[in-house]
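The values are calculated or read from the model by the stated rules, or taken from the named source; none is laboratory data. Note that this is a predicted model, so its numbers are computed, not measured. Here the Cβ is made from the backbone with ideal geometry for all residues, glycine too, and neighbour counts use every protein chain on show.
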Amino acid sequence: MRIELENLEGGKGDFAHVYQPDDLNPVDERISLTAPATVTGKVRLAGNEVFVNGHVDTRAQVECDRCLKPVELPVDADFALEYITGSAYASSEGAELTEAEMSVSVFDGEAIDVDEIVKEQILLAVPTRMLCREDCKGICPECGTDRNTGDCSCVTNDIDPRWAALKNLT
Ligand SMILES: [Zn+2]
Ligand SMILES: [Zn+2]
């Protein structure tokens, strides 16, 4: 969904959309959606700037970092974004950018791409490291056995944490 700024009455408007998972999948190489994504928000124009704020709600799935099992998590994110047209951005170049200004996105001045906003909010909401559970034992690097469900007889070079502690004493 794109919001054409020239269609905004009085320089502002509300938007709402429901994406089916397949509309956005894959969000990136590790994240996919398992439920529809609902986005609601408001757009406000002020000179060369556009302010967009709203909310994204969905469920995302990623692989556990250790055992590769799918892990689902809710996405429930508020966002407040600021856009500035390319020409206005270029004229402000050279001016020292504050941290707040760094989060400003540059756009073509014609439309806001809501699909991109929703994808970005999902990416921000999913942690870069994800475990199916705190103490996931992972997969044996030798034979591929899921160590959460069974032991294998492989000898690996993992140092027993108790011995590692002793080693640090000497
Ligand atoms: Zn796991
Ligand atoms: Zn093994």
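Quick notes
- Taken together, the residues in region 19-57 that are part of a strand (DSSP E or B) and of a type in the set (Lys, Arg) amount to 2.
- Residue that is in contact with a Ser or Thr (Cβ under 6 Å, 6 or more places away or on another chain), at pLDDT 95 or above and more than 25 Å from residue 8 (Cα to Cα), where the choices are 60, 35: 35
- Residue count for region 127-154, restricted to those that are in contact with an Asp or Glu (Cβ under 7 Å, 6 or more places away or on another chain) and either within 13 Å of residue 69 (Cβ to Cβ) or of a type in the set (Asp, Glu) (or both): 3
- Residues that are of a type in the set (Gly, Ala, Ser) and farther than 14 Å from residue 61 by Cα within region 10-42 comprise 10, 11, 13, 16, 41, listed in sequence order.
- Test set (1) among the basic types (Lys, Arg); (2) loosely packed, with under 14 Cβ neighbours inside 10 Å; (3) modelled with pLDDT of 95 or more - residue 2 fails condition number: (3)
- Of the listed requirements (1) within 16 Å of ligand 1 (Cβ to nearest atom); (2) surrounded by 16 or more Cβ atoms within 10 Å (Cβ to Cβ), residue 127 misses just one: (2).
- In region 5-16, residue modelled with the highest pLDDT [restricted to those that are of a type outside the set (Gly, Ala, Ser) and surrounded by 15 or more Cβ atoms within 10 Å (Cβ to Cβ)]: 15
- Among the residues here, residue 60 qualifies as assigned to a strand (DSSP E or B) and hydrophobic (A, V, I, L, M, F, W, C).
- Residue match in region 75-86 (condition: surrounded by 15 or more Cβ atoms within 10 Å (Cβ to Cβ), at pLDDT 95 or above and closer than 30 Å to residue 137 by Cβ): yes
- Test: residue 136 is modelled with pLDDT of 90 or more and within 16 Å of ligand 1 (Cβ to nearest atom): yes
- Residues of region 68-88 that are under 30 Å from residue 145 (Cα atoms), of a type in the set (A, V, I, L, M) and either over 20 Å from the mean Cα position of the chain (by Cα) or more than 16 Å from ligand 2 (Cβ to nearest atom) (or both): 71, 73.
- Residue in region 48-67 that is within 16 Å of ligand 2 (Cβ to nearest atom) and either surrounded by 18 or more Cβ atoms within 10 Å (Cβ to Cβ) or under 15 Å from the mean Cα position of the chain (by Cα) (or both) present: yes
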